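Have a look at the structure below before the remarks.
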Amino acid sequence: MLQEGAYGKWTVSSSDESTEENSDGEKPSTSSLLGAARGRTSGPQYPCSEARKAAHKRKASPLKFGDKSFTTDVPPAGKQRTGQEGLGWCLSSSDEEPEDQEKHAHRETLKEEKGDAPEEHPLNLRKDDELSENQKVEEYNEVLSEAQDTWDLLNGGNVFRFFLTKVRGIEQSYNSGALHIKDILSPLFGTLISSAQFNYCIDVGWLVRQYPQEFRKKPLLIVHGEKRESKAELLAQARPYENISFCQAKLDIAFGTHHTKMMLLLYEEGLRVVIHTSNLIAEDWHQKTQGIWLSPLYPRLPQGTSGSAGESETNFKSDLISYLTAYNSPTLKEWIDRIQEHDLSETRVYLLGSTPGRYQGADKEKWGHLRLRKLLKEHASSIPAQESWPVVGQFSSIGSVGADGSKWLCSEFQESLVAAGSSVTTLLKCDVPVYLVYPTVSNVRQSLEGYPAGGSLPYSIQTAQKQLWLHSYFHKWSAEVSGRSHAMPHIKTYMRPSHDFQKIAWFLVTSANLSKAAWGALEKNGTQLMIRSYELGVLFLPSAFVSS
């Protein structure tokens, strides 16, 4: 469906969603898996969403001008993005009528990243001829990685330790200071002993190939949220690899997902934590805008040191342990012990997570947007001049947020975003501007991936029709400074900049999209916070970076 508003046109995907709270999607249907098992060979070879499958299919079998099924009424040449042909996408014109676009959306752009609709996961076996495109991407990124000394990059004065991922198809200068997953797993960062990968969408074979040859047989734990058939398919992917084990995250509340994206890397030299926004699939590290926070190398504590030692001023160590403990999994106990054995005192960011559950009392402020509210009240400065500064949210998926702003966005969620200091603000939260950044149809059409990029930007048509008021907050995607205006965002960021965008009160990079499932919603007259999904991000506050 095509929506038109003050800030341009917006795509909303079609789905069969009928549940109001299905804000971050659901698990696969048996019918889709049976269909896949009967021999479907197109599409990705890992559990993923309908929108990703549709995008993959369109890239694998692009519409050709020579196709008999294609209309002879060819749009003007100026409207074609022929430069996308090498990427498997030949036609990127958007001259369709709205009703035609709705038909296309209904067929091909259902949902990604567990956005809002129940999703189906294919059960496909990897074919050798389907590897070629991904291998080309990997070869390209190997060249990029070899051309840049990642060790120098890590120690080049990036005090915030925040990075973007490398993007193919943009000027090389814009990839200076950016990282690919192979850079992160490089032996330059440490001699790997074992690792844990927390993620949502995982291509096991591709993931293994991102590790250097000498590390590919090291113990690897994959933490996921797959169930039933899609879990069986994930485990089947790992059968060739004896070093891989799994931890299934418990998802007891309907429509919840394991959306966290984190790496724990244990080296002979120490420990590193990586919190990022990319799925563990080739597409997410290719031509999308993604974010990474890379921790310092944490040294081991002296033997006999208390486990509570090595804490940072941001309480990162205890918060990370609390997050891992929330999985209630014996499998993660080994990693909790390893974290306790290391010195995390150099960490300057705050951990902000979500875990599924219904929380009351003091537990209510441990997770989700109430956790953000607590951190801002305790650690963000309360300066009168900042009270009118806007709040900016940028994300790749939108869930159901209610029939009007008072239901969640402009009430409890905004109250958390505008919190600062311990004093009560004199400015009403409704007077604080809210800007929501989400790609337009034009953004997607002109992107490096073309229309298939929409597979990573789910917003169900049913949900959108119920909250048309939300679209007045929308602003198009633009990233000229980083050269990524045509690399569609899968990154999620929230911040509070000054009106002239020269200063910032705080900045958050996270896996959490704009949904109650990710951030939590108050229940029982505000006495209980309910969260459906696992999410994880890091919060940057100026006070943590000011030298004492």
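The values are calculated or read from the model by the stated rules, or taken from the named source; none is laboratory data. Note that this is a predicted model, so its numbers are computed, not measured. Here the Cβ is made from the backbone with ideal geometry for all residues, glycine too, and neighbour counts use every protein chain on show. With ligands, DNA and RNA removed, areas are computed over all heavy atoms of the protein, side chains included. Shrake-Rupley method; radii C 1.70, N 1.55, O 1.52, S 1.80 Å.
Of note:
- Only a single criterion out of (1) open to solvent by 10 Å² or more (accessible area, probe 1.4 Å); (2) of a type in the set (S, T, N, Q); (3) within 27 Å of Phe246 (Cα to Cα) is not satisfied by Ser345, namely (3).
- In the set Gly361, Gly310, only one residue is surrounded by fewer than 20 Cβ atoms within 10 Å (Cβ to Cβ) and on the phi > 0 side of the Ramachandran plot; that residue is Gly361.
- Single unsatisfied condition, Thr426 versus (1) modelled with pLDDT of 95 or more; (2) part of a loop (DSSP other than H, G, I, E, B); (3) open to solvent by 10 Å² or more (accessible area, probe 1.4 Å): (1)
- The range 497-516, subset among the small types (Gly, Ala, Ser) and farther than 20 Å from Lys374 by Cβ, residue surrounded by the fewest Cβ atoms within 10 Å (Cβ to Cβ): Ser498
- Criterion (part of a helix (DSSP H, G or I), within 21 Å of Phe160 (Cβ to Cβ) and either without any contact (Cβ under 8 Å) to a residue 40 or more places away in the chain or open to solvent by less than 50 Å² (accessible area, probe 1.4 Å) (or both)) met by exactly one of Leu235, Leu332, Leu265, Leu320: Leu320
- Flag for His475 being closer than 20 Å to Ala419 by Cα, touching a residue at least 40 places away in the same chain (Cβ under 8 Å), surrounded by fewer than 18 Cβ atoms within 10 Å (Cβ to Cβ) and not polar (S, T, N, Q): no
- Ala282 being open to solvent by less than 10 Å² (accessible area, probe 1.4 Å) and more than 28 Å from Gly357 (Cα to Cα): yes
- Residues in the range 150-202 that are of a type in the set (Val, Ile, Thr), modelled with pLDDT of 95 or more and open to solvent by 10 Å² or more (accessible area, probe 1.4 Å): 3 in all.
- Checking Glu449, Glu480 one by one, the residue that is modelled with pLDDT of 95 or more, open to solvent by 40 Å² or more (accessible area, probe 1.4 Å) and part of a loop (DSSP other than H, G, I, E, B) is Glu480 and no other.
- Restricting attention to the range 403-420, the residues being under 20 Å from Lys492 (Cβ atoms) and not in a helix (DSSP H, G or I) number 3.
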